[in-house]
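Colleague: Submitted below is the structure of interest, expressed as structure tokens.
The values are calculated or read from the model by the stated rules, or taken from the named source; none is laboratory data. No experiment lies behind these values; they were computed from the predicted model shown. Neighbour counts run over all protein chains shown; Cβ positions are idealised from the backbone, glycine included. For the accessible areas, the whole protein counts, side chains as well, though only heavy atoms, and no ligand, DNA or RNA atoms are used. Shrake-Rupley method; radii C 1.70, N 1.55, O 1.52, S 1.80 Å.
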Amino acid sequence: MNFKLTEEHLAVQEAAREFAQNELLPGVIERDNQQKFPAEQIKQMGELGLMGMMVDPKYNGGGMDTISYVLAMEEISKVDASASVAMSVNNSLVCWGLENFGTEEQKEKYLKRLALGKVIGAFCLSEPEAGSDATSQKTTAEDKGDHYLVNGTKNWITNGNSASVYLVIAQTDPEKGHRGINALIMDKEMDGFVVGKKEDKLGIRGSDTHSLMFSDVKVPKENRIGDDGFGFKFAMKTLTGGRIGIASQALGIASGAYELSLAYSKERKAFGKEISKHQAIQFKLADMATQIDAARLLCLKAAYLKDTDQNYSKASAMAKLYASQIAMEVSIEAVQIHGGYGYVKEYHVERLMRDAKITQIYEGTSEIQKIVISRELLK
Ligand code: CAA
């Protein structure tokens, strides 16, 4: 075993850290208050190579491994989880899905732009009545010979309005159940494609979350990903890797909250000394650091298994389950360590606490991760 990061890994980590501190931190409170999508910053992240990190350079990607992706996601998420969810969806759902299952034409037309962050993508699986129960798709994609006619509604779509390319999961043949589902690439400009209401959320308020409505949208057959009926498996395979992204996001939220708490505990005085000299605070810091280390190891293990072409389904579910749980716990303790200051926006930890909650919900709730893990254990 080797726990040492390579020079390249350290360079990626450092670049992401610098970008987060210099470019994301300054406006993050304002964007959270105003629910403003970090459009300019996402463009810069594209230029830095953060939006298509793992994509082959021949499709304009960074050609990096998943370990680099985990390291960068952690750094960006320490500061701005709204930016990092856009990064995660674009990298590990949209780009990865297209690169691994798309046709050469689809890669030329869509992946090359997505990998540069010139445009961003969205992954459209959830519906008003199909969240965890993802096979119950009500959106239909009727086979019309040379095209599909798509009708339905998608909910809680990350990058809902900011995206240009949408991977849409829809039911073509209900009699075949999940084997009758297709994954289709939609352009925002297609007739009948309507961006619905923007969600007013507890956390990741800078992230652009919308419902989408499709009314007789004509999607050419060449926009189908994989064979007829591959759509549900496409979604599952893609989410397996996506969960490494969200686990790393949760890790970053936790380590961001911890780093702020550690620094604050050395400055703030109570009862005649810095609060870091009180054992009550020391024990909190010890617990936080231990939980973060464990979460980081789970994320890196899942990334390593993916990079070495081994089964990473259980590992990615474990990483997401645990990292999201400790993101909640650590960020709550961070607010506690900051006391009254922790409850106000200026000190960042209350935002991190609000942002942490979604990591236990999206890309499969904690309960879904337990289903995935236990199924693997009992195989
Ligand atoms: N890889 C490949 N295939 C898989 C798979 C995987 N990881 N998991 C399941 N499948 C296949 C199964 O083999 C099965 O195919 P066959 O019948 O041909 O063998 C098929 O998919 C159906 O699987 P199940 O019978 O296990 O289906 P299920 O109804 O019991 O549900 C589930 C499985 C794991 C609960 C799944 O529904 C699930 O993951 N739900 C959560 C959905 C989710 O994560 N949503 C997140 C939305 S996206 C998002 O949040 C993005 C964002 O914007 C941030």
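Colleague: In straight Cα distance, which lysines are under 17 Å from K198, not counting same-chain residues fewer than 8 positions off?
Modeller: K36, K154, K188
Colleague: For the chain, what does the accessible surface come to per residue with a 1.4 Å probe? Please give it in Å².
Modeller: 44 Å²
Colleague: Quick one: grab the alpha carbon gyration tensor of the stretch 1-105, order the square roots of its eigenvalues as a ≥ b ≥ c, and give me rounded if a/c is under 1.5, else prolate or oblate depending on whether a/b is larger than b/c.
Modeller: Oblate shape, in that a/c is at least 1.5 and b/c is the bigger or equal ratio.
Colleague: Each residue of the stretch 247-254 in order: what ³J(HN,Hα) in whole Hz does its phi give by Karplus 6.51 cos²θ - 1.76 cosθ + 1.60, θ = phi - 60°, with x for Gly and Pro?
Modeller: Result, ordered by residue: 4, 5, 5, 4, 4, x, 4, 5 Hz.
Colleague: Points 7 angstrom from Cα along the Cβ direction at D216 and Q282: gap in nanometres?
Modeller: So the two model labels end up 7.3 nm from each other.
Colleague: Place a label point 7 angstrom from the Cα of M190 along the Cα-to-Cβ direction, then list the residues of the stretch 119-138 whose backbone nitrogen is under 12 Å away.
Modeller: 124, by backbone N distance to the label point.
Colleague: Something else now. How large is the dipole of the chain about the Cα centre if only Lys and Arg carry +1 and Asp and Glu carry -1, each at its Cβ, rounded to the nearest 20 debye?
Modeller: 800 debye
Colleague: Here's a follow-up. Can you give the calculated 222 nm mean residue ellipticity of the chain, where each DSSP H run of n ≥ 4 adds -39,500 (n - 2.57) and the sum is split over every residue, rounded to the nearest 500 deg cm²/dmol?
Modeller: -15500 deg cm²/dmol
Colleague: Ignoring everything but the protein chains, give the 1.4 Å probe accessible area of R113 in square angstrom, nearest 10.
Modeller: 90 Å²
Colleague: Report the full-extension gain for the segment N100 to A11: residue separation times 0.36 nm, less the Cα-Cα distance, to one decimal in nm.
Modeller: 29.4 nm is the gain from fully extending N100 to A11.
Colleague: Pull out the extension gain between Q310 and L25, defined as 0.36 nm times the separation in residues minus the alpha carbon to alpha carbon distance; nm, one decimal.
Modeller: Extra length from Q310 to L25 when fully extended: 98.9 nm.
Colleague: Sort M328, M288, M1 by accessible area with a 1.4 Å probe, largest first.
Modeller: Ranked list, largest accessible area first: M1, M328, M288.
Colleague: Whose amide H sits under 5 Å from the amide H of A130, counting only residues 5 or more places off or on another chain, with H placed in the peptide plane?
Modeller: Under 5 Å from the amide H of A130 lies no amide H from a residue far enough along the sequence or on another chain.
Colleague: Over its Cα atoms, what ratio of radius of gyration to 2.2 N^0.38 Å does the chain give?
Modeller: Against the compact-globule rule of thumb, the ratio is 0.98.
Colleague: Another question, if that's okay. Can you give me the solvent accessible area of K357 with a 1.4 Å probe, rounded to the nearest 10 Å²?
Modeller: Answer for K357: close to 80 Å² accessible.
Colleague: Give a residue-ordered list of calculated ³J(HN,Hα) values for the stretch 74-87 (Karplus: 6.51 cos²θ - 1.76 cosθ + 1.60, θ = phi - 60°; whole Hz; x for Gly, Pro).
Modeller: 4, 5, 5, 6, 4, 10, 9, 6, 6, 5, 6, 6, 5, 5
Colleague: Something else: Can you list the HN-Hα couplings for the stretch 180-196, worked out from phi with the Karplus curve (6.51, -1.76, 1.60; θ = phi - 60°), rounded to whole Hz and with x for Gly and Pro?
Modeller: Result, rounded to whole Hz: x, 9, 10, 10, 10, 8, 10, 9, 4, 6, 4, 4, x, 8, 10, 7, x.
Colleague: Something else now. To the nearest 10 square angstrom, how much accessible area does L377 have with a 1.4 angstrom probe?
Modeller: Accessible area, nearest 10 Å²: 110 Å².
Colleague: Give me the extension gain from N2 to L377: residue separation times 0.36 nm, minus the current Cα-Cα distance, reported in nm with one decimal.
Modeller: 132.4 nm
Colleague: Can you figure out the FRET efficiency of N33 with D228, using R₀ = 45 Å and their beta-carbon distance, to the nearest 0.05?
Modeller: 0.45
Colleague: Among rounded, prolate and oblate, which fits the stretch 177-238 when a ≥ b ≥ c are the square roots of the eigenvalues of its C-alpha gyration tensor, a/c under 1.5 means rounded, and a/b larger than b/c means prolate?
Modeller: Because a/c hits 1.5 or more and a/b fails to exceed b/c, the stretch 177-238 counts as oblate.
Colleague: Would you mind pulling out the separation of the Cα centroids of the stretch 20-55 and the stretch 143-172, in Å?
Modeller: 26 Å
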